[in-house]
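These notes are about the structure you will find just below.
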Amino acid sequence: MCDVCVMAAVKSKLQANNLSFSGAGNIPKSEILAASLLSAPICTLAQDISFSSIVDLTHTLTPDFPTFYGDPAFTETDDFTFARDNMNGKTVSYYEHVGTHFDAPLHFSPNGQSIDELPLDKLVCPLAVIDVRVQAEHDPDYRILPEDILRYEKMHGLIPERACVSALSGWSRYVYTERFRGEDSYGVHHFPGFHESTARFLISERQVYGIGIDTMSLDYGPTKDFSIHRTWLGSGRYGIESLTNLEHVPPAGATLIGGAPKFQGGTGGPGRVIAVY
């Protein structure tokens, strides 16, 4: 793609989204070349995407972010400091499944796709937000049922193909309280999740590729067998856990952009998740 074509395409996209564009006069040739390479049609999406609002669905990951087993979310060491080395650099160590993170099929299947193998066109997709805050407020062990999906569709139409269906339980507001993990005196967690019948419904009756939730797990807290993980991930689909700000996204019409990590052979990992509409 020629330099002029690249800049015209970028300008058009920015203007379509009411963003500013100052021209290409001072842009180095190397950056223009990089832009032309990035503009190559690697994946073709099923729908055009235009937007005026951006919502960050990602928690800031801190060492004390709640984890399933109660361990620190990550540890860090300062390998370089600006005062000593005139630069800053850290070594960070963490378990793959902490914070707002992705579950790849490999997480609960013997030979499923690893996180680096997830198709790009499945990570940029329609987002359906199922609001179950009322149910979850009355029952912390609530599981999203097929009836919740059908009730949503009566109001907003059928869930689009390739969508990511995300449950808004309201749990993200408890993130730095004991209620987020909901661990009782017997070591059992209590927080909402998906019901296995819902996972099977979305697999067999809808062309859904991802599910997400604002709790620590796709499965509800008291699970003993992680049936949602086994059913959903085992079918070759992905999940996103510990989302936030879903209440700021319309129930239908938004697009999910999932910035999954790309570690070779990874079973998942923290990422940046945003919604645009």
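Bear in mind that the values in this text are calculations on the coordinates, not laboratory data. Given the structure is predicted, the values throughout are model-derived calculations rather than measurements. With ideal geometry, Cβ positions are generated from the backbone for all residues, glycine too; neighbour counts draw on all protein chains shown.
Filter segment 125-143 down to residues that are hydrophobic (A, V, I, L, M, F, W, C) and farther than 20 Å from E183 by Cβ and give me whichever is surrounded by the fewest Cβ atoms within 10 Å (Cβ to Cβ).
In the first step, residues of segment 125-143 are kept if they are hydrophobic (A, V, I, L, M, F, W, C); the result is 125, 127-130, 132, 134, 136.
From what is left, the residues that are farther than 20 Å from E183 by Cβ are 125, 127-130, 132, 134.
On the way: C125: 22, L127: 28, A128: 29, V129: 24, I130: 24, V132: 21, V134: 11.
Per the criteria, the residue is V134.
Among the numbered criteria (1) part of a helix (DSSP H, G or I); (2) among the hydrophobic types (A, V, I, L, M, F, W, C); (3) more than 30 Å from E153 (Cβ to Cβ), which single criterion is violated by A136?
(3)
Looking at segment 246-260, which of its residues are surrounded by fewer than 17 Cβ atoms within 10 Å (Cβ to Cβ) and in a loop (DSSP other than H, G, I, E, B)?
P250, P251, G253
Please specify each residue of segment 199-215 satisfying the condition of being touching a helix residue (DSSP H, G or I) at 6+ places or on another chain (Cβ under 9 Å) and assigned to a helix (DSSP H, G or I). Even if it seems obvious, please write down each step before you answer.
The first filter runs over segment 199-215 and keeps only residues touching a helix residue (DSSP H, G or I) at 6+ places or on another chain (Cβ under 9 Å), leaving 199-203, 205-206, 208-215.
A199, R200, F201, L202, I203, listed by residue number.
Looking at Y174, Y152, can you tell me which residue is surrounded by 17 or more Cβ atoms within 10 Å (Cβ to Cβ), free of Cβ contacts under 8 Å to residues at least 40 places away in the same chain and within 19 Å of G212 (Cβ to Cβ)? Lay out the reasoning, then the answer.
Numbers: Y152 fails: free of Cβ contacts under 8 Å to residues at least 40 places away in the same chain.
When all the criteria are applied, what remains is Y174.
Go through (1) in a helix (DSSP H, G or I); (2) over 19 Å from T60 (Cα atoms) for R179 and report which single condition fails.
Of (1) in a helix (DSSP H, G or I); (2) over 19 Å from T60 (Cα atoms), only one is false for R179: (2).
What's the total number of residues in segment 54-88 that are without any contact (Cβ under 8 Å) to a residue 24 or more places away in the chain and surrounded by 11 or more Cβ atoms within 10 Å (Cβ to Cβ)?
11
Within segment 216-245, take every residue that is among the charged types (D, E, K, R) and not in a loop (DSSP other than H, G, I, E, B) and give me the one that is surrounded by the fewest Cβ atoms within 10 Å (Cβ to Cβ). So that I can check it myself, show each step before the final result.
Within segment 216-245, the subset among the charged types (D, E, K, R) is 219, 224-225, 230, 237, 241.
Keeping just the survivors that are not in a loop (DSSP other than H, G, I, E, B) gives 230, 241.
On the way: R230: 16, E241: 23.
Only one residue tops the list, namely R230.
I'm told K154 meets every condition in (1) more than 22 Å from the chain's Cα centre (by Cα); (2) farther than 23 Å from T60 by Cβ; (3) assigned to a loop (DSSP other than H, G, I, E, B) except one. Can you identify the failing condition by its number?
Of (1) more than 22 Å from the chain's Cα centre (by Cα); (2) farther than 23 Å from T60 by Cβ; (3) assigned to a loop (DSSP other than H, G, I, E, B), only one is false for K154: (3).
Can I274 be described as β-branched (V, I, T) and assigned to a strand (DSSP E or B)?
Working: β-branched (V, I, T): yes; assigned to a strand (DSSP E or B): yes.
Yes: the conditions hold for I274.
May I ask you to list the residues in segment 237-272 that are within 10 Å of the chain's Cα centre (by Cα) and over 19 Å from L202 (Cβ atoms)? If you could, list the steps in order and put the result at the bottom.
Within segment 237-272, the subset within 10 Å of the chain's Cα centre (by Cα) is 238-244, 256-260, 270-272.
Within segment 237-272, S242, T244, I257, G259, A260, P270, G271, R272 meet the criteria.
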